[in-house]
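**Q** The structure under discussion is supplied below as structure tokens; questions concerning it will follow.
Bear in mind these aren't lab numbers, they're just calculated from the coordinates by the rules spelled out. Bear in mind that the values here come from a model prediction, so they are computed numbers and not experimental data. Glycine gets a Cβ as well: all are built from the backbone with ideal geometry, and neighbour counts include every protein chain shown.
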């Protein structure tokens, strides 16, 4: 399974764009990149998933370069409510047993 | 859809007692996962089921832990006897073969 590396923590201010980068040098051909968000006292929540280039939804964008050895989660104009832990996972989404290992995540603190 | 439902939300028990955590997955999801989260070890996969059958229990810490899934809409995680080091938040999640994980809000277990 591809191992992921992300910063332990990040600070930002309301209204700023936040980019969290995840390294996954050993990503396999069938692997996708998936990001989850976890608020205190809640379970992780799916944010976005992608394979290559760029994916955007109502919450975030995911940028994946051509070599796919890293990916960047972009949160536009963050608010205080975006304070959470963000996890990057890599694996084959067609194999439910393949994308189950959560790393340490990135603790994002948004300040007023 | 009510999402993944876990009970109880909080459990406080004394060392040596039996603890049973319960989970109702999302209807139609054929995968069910049990995770444990602590500050020191983060999110750890304990066991997962597919179509009510345990597929991988390599994360179960020791024989004191057991999990069952008697039908598609119910699973239990049992700890007997419980120990203070079992104190953690236990999450249940469900999914289909190619969907992201959907987590419940967890059970916070405190063993004194």
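**Q** Mind checking the mean number of beta-carbon atoms from other chains within 10 Å of the Cβ atoms in B:92-104?
**A** What the average comes to for B:92-104 is 5.
**Q** Estimate the FRET efficiency between residue B:71 and residue B:18 by the formula 1/(1 + (r/R0)^6), using the beta-carbon distance for r and 30 Å for R0, to the nearest 0.05. Mind dumping the intermediate values first?
**A** Values: r = 22 Å, r/R0 = 0.72.
Rounded to the nearest 0.05, the efficiency is 0.85.
**Q** Can you tell me the order of B:19-25, B:61-67, A:38-44 when each peptide is scored by its average per-residue count of other Cβ atoms within 10 angstrom, highest first?
**A** The packing order, highest mean first, is B:19-25, A:38-44, B:61-67.
**Q** Expressed as a whole number of Å, what is the distance separating the alpha-carbon centroids of region A:57-75 and region B:33-112?
**A** 30
**Q** Another question about this same structure. Sorting check: for A:51-57, A:83-89, which peptide has the highest mean count of neighbouring beta carbons within 10 Å, and how do the rest follow?
**A** A:83-89, A:51-57
**Q** How far apart, in nm, are two points set 7 Å out from the Cα along the Cα-to-Cβ line at residue B:112 and at residue A:25?
**A** Taking the two extended label points, one gets 4.9 nm.
**Q** Here's a follow-up. Using Cα-Cα distances under 8 Å and only pairs 6 or more residues apart, what relative contact order does chain A have, in percent?
**A** This gives 36 percent for chain A.
**Q** Would you work out if region B:19-90 is rounded, prolate or oblate? Take a ≥ b ≥ c from the square roots of the eigenvalues of the alpha-carbon gyration tensor; rounded if a/c is under 1.5, else prolate when a/b is larger than b/c, oblate otherwise.
**A** Prolate is the answer for region B:19-90, as a/c is 1.5 or above and a/b outweighs b/c.
**Q** Counting other beta carbons within 10 Å of each Cβ, put B:60, A:109 in order, fewest first.
**A** Ranking B:60, A:109 by Cβ neighbours within 10 Å, fewest first, gives A:109, B:60.
**Q** Between residue A:107 and residue B:56, how many nm apart are label points set 7 Å from Cα along the C-beta direction?
**A** The modelled label-to-label distance comes out at 2.8 nm.
**Q** Give, as ranges by residue number, the residues of region A:8-40 whose backbone N falls under 14 Å from the point 7 Å along Cα→Cβ of residue A:83.
**A** Under 14 Å, as judged by backbone N against the label point of residue A:83, lie A:10-15, A:39-40 of region A:8-40.
**Q** When a/c is below 1.5 the answer is rounded, else prolate if a/b is larger than b/c, else oblate, so apply that to chain A with a ≥ b ≥ c taken from the square roots of the Cα gyration tensor eigenvalues.
**A** prolate
**Q** Per-residue mean of other chain beta-carbon atoms within 10 angstrom of the beta-carbon, peptide A:29-36? Can you show the working numbers first?
**A** On the way: counts 0, 0, 0, 1, 0, 2, 1, 4.
Across A:29-36, the average partner-chain Cβ count within 10 Å equals 1.
**Q** Per residue of A:85-91, what is the mean number of Cβ atoms on other protein chains within 10 angstrom of that residue's Cβ?
**A** Average neighbour count from other chains, rounded to a whole number: 1.
**Q** Oh, and also: Can you classify region A:26-77 as rounded, prolate or oblate using the Cα gyration tensor, where a ≥ b ≥ c are the square roots of its eigenvalues, rounded means a/c under 1.5, and otherwise it's prolate if a/b beats b/c and oblate if not?
**A** Oblate is the answer for region A:26-77, as a/c is 1.5 or above yet b/c matches or exceeds a/b.
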